[in-house]
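**Q** Dumping the structure here so I can ask a few things about it.
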Amino acid sequence: MTTLVHVSDLHFGRPAVSEQLDSLLEAIVRLSPDAVAVSGDLTQRCSRSEFEKARAYLDNIGRTAPYIVVPGNHDIRWLGAVLRNLGIVGFIGQRAHEHKYSRYKRYISEDLSPSLTVPGVVIAGLNTAHGITRGSLTRRLRDLGVIGHVRGDDLAHVRNTFEKAPPEAARIVMIHHNLIRGQISGRHGLANTEEALRAFASMGAELVLCGHDHQEAVHSVEISETGLVISTAGTISSRRRSGHPSSFNLVRVEEDSLIITIYAWNTKAGDFVPAGEHRFPRRARKDR
Ligand SMILES: [Fe+2]
Ligand SMILES: [Fe+2]
């Protein structure tokens, strides 16, 4: 069995809740996962001080387990990049792109779409936070720079990662933006959900990890003959939806089953406690 702790949307800065962040670290030590997956939005305003805190927190996680992280829409300087693209502050083209990810790259990782292999599992991280791009343009002004997009070029990275992985490893993709419309928010995170899910399934993915919606959810979608499980992690911050508690997901990959347990913040206990379990047969693997 391989276990993963899947967390998202820590939003270092004003929304950070130190009691919950401390408890999360304790839970990670207690659960002793094989890896920790962090699906973006480490910061709130993409500031240096927020990234410094996020960096220190990831270092702490790294003392217990290897981790993998992708950027979220809050972790990129997309507005500054747009202004530079327009020549407003004197930069163009490539410089604007560099500006967009400069803080994330400096403090978190040069690799926007990393991968991680641990016994039993391979995770291909995929950056879906591009700010305003042709692929994620929306008529809803409030969603400008918020909506994510899976780029065709980046799919080759997922394919390569999976091709190089041991055949028995469960194939997992991690992105930031939610693939399924949020129950409370009513919003899709990704502009090209259907296309992305079909691509992931065709590459043999069994599970997709995502966040962004700030409400936890676990789904199984019949996108291909084998189907895909989607683990959406909630937030660990004060940016909760309608009083919904902070939470993270524990993923267990067993020989025949995929089990996702939601751990929700319990104020009375002052800790994260199990609050629901979802179990799926590993059809994809059996079909291989
Ligand atoms: Fe977020
Ligand atoms: Fe987000």
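**Q** Return the residue satisfying two criteria in turn: it lies in the range 216-242 and is open to solvent by less than 10 Å² (accessible area, probe 1.4 Å) and in a loop (DSSP other than H, G, I, E, B), and of such residues it is farthest from ligand 1 (Cβ to nearest atom).
**A** Going residue by residue through the range 216-242, those that are open to solvent by less than 10 Å² (accessible area, probe 1.4 Å) are 227-237.
Okay, now just the ones that are also in a loop (DSSP other than H, G, I, E, B), so 227, 233-237.
Numbers: 227: 27, 233: 10, 234: 10, 235: 6, 236: 10, 237: 8 Å.
Here the answer is 227.
**Q** Quick check on my filter: what residues within the range 18-58 are farther than 22 Å from residue 129 by Cβ and not aliphatic (A, V, I, L, M)?
**A** Passing the criteria: 18, 19, 20, 22, 23, 26, 30, 32, 33, 34.
**Q** Which of the residues that make up the range 223-245 are small (Gly, Ala, Ser) and in contact with a His (Cβ under 9 Å, 6 or more places away or on another chain)?
**A** Step one: of the range 223-245, the residues small (Gly, Ala, Ser) are 224, 227, 231, 233-234, 237-238, 242-243.
Within the range 223-245, 231, 233, 234, 237, 238 meet the criteria.
**Q** While we're here: Hey, can you tell me all the residues within the range 57-82 that are touching a strand residue (DSSP E or B) at 6+ places or on another chain (Cβ under 9 Å) and either part of a loop (DSSP other than H, G, I, E, B) or away from ligand 2 (no atom under 14 Å from the Cβ) (or both)? Working first, answer last.
**A** Restricting attention to the range 57-82, the residues satisfying the condition of being touching a strand residue (DSSP E or B) at 6+ places or on another chain (Cβ under 9 Å) are 57-58, 61-62, 64-70, 72-75.
Answer for the range 57-82, where residues must be touching a strand residue (DSSP E or B) at 6+ places or on another chain (Cβ under 9 Å) and either part of a loop (DSSP other than H, G, I, E, B) or away from ligand 2 (no atom under 14 Å from the Cβ) (or both): 57, 58, 61, 62, 64, 65, 66, 67, 68, 70, 72.
**Q** For the range 232-256, enumerate the residues that are away from ligand 2 (no atom under 16 Å from the Cβ), more than 15 Å from residue 23 (Cα to Cα) and modelled with pLDDT of 95 or more.
**A** Passing the criteria: 251, 252, 253, 254.
**Q** In the range 187-209, how many are away from ligand 1 (no atom under 16 Å from the Cβ) and under 30 Å from residue 242 (Cα atoms)?
**A** Going through the range 187-209, the residues away from ligand 1 (no atom under 16 Å from the Cβ) turn out to be 191-208.
Next, only the ones that are under 30 Å from residue 242 (Cα atoms) stay: 191-194, 196-197, 207-208.
Number satisfying all stated conditions: 8.
**Q** Across the range 5-19, which residue is nearest to ligand 2 (Cβ to nearest atom) among those that are open to solvent by 10 Å² or more (accessible area, probe 1.4 Å) and either in contact with a Gly (Cβ under 7 Å, 6 or more places away or on another chain) or outside any loop (DSSP other than H, G, I, E, B) (or both)?
**A** If we take residues in the range 5-19 being open to solvent by 10 Å² or more (accessible area, probe 1.4 Å) and either in contact with a Gly (Cβ under 7 Å, 6 or more places away or on another chain) or outside any loop (DSSP other than H, G, I, E, B) (or both), then 12 is nearest to ligand 2 (Cβ to nearest atom).
**Q** While we're looking at this one, here's another question. For residue 155, all conditions in the list (1) at pLDDT 90 or above; (2) outside any helix (DSSP H, G or I); (3) open to solvent by 10 Å² or more (accessible area, probe 1.4 Å); (4) of a type in the set (A, V, I, L, M, F, W, C) hold save one; what is the number of the exception?
**A** Here residue 155 meets the rest and fails (2).
**Q** Tally the residues that are touching a helix residue (DSSP H, G or I) at 6+ places or on another chain (Cβ under 7 Å) and either loosely packed, with under 15 Cβ neighbours inside 10 Å or part of a helix (DSSP H, G or I) (or both), restricting the search to the range 28-43.
**A** 1
**Q** Given the criteria in a helix (DSSP H, G or I) and at pLDDT 95 or above, does residue 25 qualify? Write out each step before concluding.
**A** On the way: in a helix (DSSP H, G or I): yes; at pLDDT 95 or above: yes.
Taking the combined requirement at face value, the residue satisfies it.
**Q** May I pose another question? Just for the range 44-53: of the residues that are outside any loop (DSSP other than H, G, I, E, B) and in contact with a Gly (Cβ under 9 Å, 6 or more places away or on another chain), which one is farthest from ligand 1 (Cβ to nearest atom)?
**A** Quick first cut of the range 44-53, residues outside any loop (DSSP other than H, G, I, E, B) only: 48-53.
Cutting the leftovers down to in contact with a Gly (Cβ under 9 Å, 6 or more places away or on another chain) gives us 49-50, 53.
Numbers: 49: 18, 50: 13, 53: 16 Å.
So, considering only residues that are outside any loop (DSSP other than H, G, I, E, B) and in contact with a Gly (Cβ under 9 Å, 6 or more places away or on another chain), the one farthest from ligand 1 (Cβ to nearest atom) is 49.
**Q** Need the failing condition index for residue 160 against (1) modelled with pLDDT of 95 or more; (2) surrounded by 14 or more Cβ atoms within 10 Å (Cβ to Cβ); (3) not in a loop (DSSP other than H, G, I, E, B), just the number.
**A** (2)
The values are calculated or read from the model by the stated rules, or taken from the named source; none is laboratory data. All of these numbers come straight from a predicted model, not from anything done at the bench. Cβ coordinates were reconstructed from backbone atoms using ideal geometry, including for glycine residues, and neighbour counts include every protein chain displayed. Side chains are part of the model used for accessible areas, which takes the heavy atoms of the whole protein and leaves out ligands, DNA and RNA. Shrake-Rupley method; radii C 1.70, N 1.55, O 1.52, S 1.80 Å.
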